Amino acid sequence: NAGVMQNPRHLVRRRGQEARLRCSPMKGHSHVYWYRQLPEEGLKFMVYLQKENIIDESGMPKERFSAEFPKEGPSILRIQQVVRGDSAAYFCASSNFTGQNQPQHFGDGTRLSIL
Amino acid sequence: GDSVTQMEGPVTLSEEAFLTINCTYTATGYPSLFWYVQYPGEGLQLLLKATKADDKGSNKGFEATYRKETTSFHLEKGSVQVSDSAVYFCALRREGNNRLAFGKGNQVVVIP
């Protein structure tokens, strides 16, 4: 499968724990985007990264959330000290070039549940 | 800011019926417009796109025309199948910006 790979598919955490979500972009893609989907809502942009750089994090909550896309390995979205309101589906997308017309290809998402 | 508005509520219709899902947008400049489809438990798949006014995107029998004058990008299909049951999202991407702005989505249920 050469698509965008996200893991885990489902993640359960207790309040106060840390959640780590992983995303491997499509082969040859160097641009990664993270979106959050709350129940019965559309997707909301969180952060856009290129290899080793955060390009746009204007959609990220200022506290507890961080993202990285290292030179080697997947992109990681990290949520510290999770709260019930973090329960959502988190989707990663990738593209091979930047630009308005470049399609973003989405993974199947990680469904995060906070107990 | 950029925003996308989709008609409220789920859409339930019979097989072979005509489907329309309304989408209007607010954005500066000339955004690119997209329709994505999400099947249960899966991520979003690009269904079709249009990048300039009067462009028509089409795929798998679905069509949408970029109407600058009405800032709309309504999705249509002439004869739906049960396999078209999914959630459909309208989205835009503004010039000089890499993020997608999504509507809330419409659940479409096609009954045999």
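We did not get these values from a lab; they are worked out from the coordinates using the rules stated. The structure presented is a predicted model; accordingly, all values stated were derived computationally and were not measured. Reconstructed Cβ throughout: ideal geometry from the backbone, glycine too, with neighbour counts over all protein chains shown.
What the phi angles of segment A:27-42 give under the Karplus curve with 6.51, -1.76 and 1.60, with θ = phi - 60°, is a coupling list of 4, x, 8, 10, 10, 10, 10, 10, 10, 10, 10, 7, x, 6, 10, x Hz, glycine and proline written as x. Note on chain B: with a GNM built from Cα contacts shorter than 10 Å, the maximum mean-square fluctuation among B:Thr12, B:Thr65, B:Thr24 falls on B:Thr12. Counting only residues at least eight positions apart within a chain, or on another chain, the lysines with an alpha carbon under 19 Å from that of A:Lys62 are A:Lys44. Number of Lys-Lys pairs in chain B with C-alpha atoms under 19 Å apart and a separation of 8 or more places or on different chains: 8.
Out of every Cα-Cα pair that chain B contains, those further apart than 25 angstrom amount to 17 percent.
Highest average first, the peptides B:94-103, B:55-64, A:58-67 ordered by how many other beta carbon atoms sit within 10 Å of their residues are B:94-103, B:55-64, A:58-67.
For the charge dipole of segment A:1-76, defined by +1 on Lys and Arg C-beta atoms and -1 on Asp and Glu C-beta atoms about the Cα centroid, which residue among A:Pro8, A:Leu49, A:Gly28 has the Cα displaced farthest towards the positive pole? Checked the options; the winner is A:Pro8.
Computed FRET efficiency, Cβ-Cβ of B:Asp54 and A:Lys51, R0 41 Å: what is it to the nearest 0.05? About 0.65, to the nearest 0.05. Given q = 0.15, 0.18 Å⁻¹, what are the Debye log10 I(q)/I(0) values for the protein assembly as shown, with equal point scatterers placed on the Cα positions and solvent ignored? Reported log10 I(q)/I(0), two decimals: -1.00, -1.34. Considering only B:Gly78, B:Gly41, B:Gly29, the mean-square fluctuation computed in a Gaussian network model of chain B, springs between alpha carbons under 10 angstrom, is largest for B:Gly41.
Per residue, the average separation of C-alpha pairs within less than 8 Å and at least 6 apart gives segment A:33-115 a relative contact order of 25 percent. Distance from the alpha carbon centroid of segment B:66-94 to that of segment B:5-63 works out to 2 angstrom. Remark on segment B:1-58: ratio of C-alpha radius of gyration to 2.2 N^0.38 Å is 1.31. Within the same chain, aspartates and glutamates fewer than 8 places from A:Lys71 are excluded, and of the rest, those with a Cα less than 17 Å from its Cα are A:Glu52.
Peptide A:105-111 has a mean of 4 when you count, residue by residue, the C-beta atoms of other protein chains within 10 Å of its C-beta.
Distance between the modelled labels on A:Asn96 and B:Thr5, one decimal in nanometres: 3.8 nm (7 Å Cα→Cβ projection). Relative to the current alpha-carbon distance between A:Ser66 and A:Met5, full extension at 0.36 nm per residue lengthens the span by 20.0 nm.
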